[in-house]
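Reading through the structure tokens given below for one structure.
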Amino acid sequence: MNARILVVDDDPIYNGVLTRALVRRGYDAHGCLDRVEALSAALRHPPAGVVLDLNLDGASGLDLIRPLLEANPECRVVVLTGYASIATAVDAIKLGAVQYLAKPVEVDAVLAALGGDASRRDQAAVGRTPLSVNRMEWEHIQRVLREHAGNISATARALHMHRRTLQRKLLKRPVKI
């Protein structure tokens, strides 16, 4: 897949690093920092692949999936997020994304998700087992807990879950994979 790839992420540093890494690997990659720029770029030159951040300056990146697929129905959309959750993963896939990856993510994993050539897919898969849903949820909870300085009540509110449910989840440590 040496066609055009759009990188849609509102973090200019992350966007630039990922875009440059794709260009170095021989892809025609273009970075977009917001929704308007992404839609404009997709309409001018329909991309074969899109790497889409879930949170675009406080708005949901999921709202971009359908318009991007309308620009090119064959487009493969990969959603990236720093705050993975089962609900948003399901929503992304239902809207047409082909993959949902938690940040930080390696470029090879992004390329494998976009459907790069077989050798790249094989290289990305070597020695790595994908995280289980339970492990992803655990890591997300831990991230939100750190953001709230260990405050269980504040973390439960941020996660939209009952405090006791959160406490039960914290007692169950998932396996590494």
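The values are calculated or read from the model by the stated rules, or taken from the named source; none is laboratory data. The model shown is predicted, which means the values in this text are computed figures rather than measured ones. Here the Cβ is made from the backbone with ideal geometry for all residues, glycine too, and neighbour counts use every protein chain on show.
Some points to look at:
- Restricting T88, T19 to those that are buried (at least 18 other Cβ atoms within 10 Å of the Cβ), modelled with pLDDT of 90 or more, assigned to a helix (DSSP H, G or I) and among the β-branched types (V, I, T) reduces the list to T19.
- The stretch 45-85: number of residues that are in contact with a strand residue (DSSP E or B) (Cβ under 8 Å, 6 or more places away or on another chain), outside any strand (DSSP E or B) and of a type in the set (A, V, I, L, M): 8
- Search result, residues across the stretch 76-99 that are free of Cβ contacts under 8 Å to residues at least 40 places away in the same chain, of a type in the set (S, T, Y) and more than 24 Å from R4 (Cα to Cα): T88
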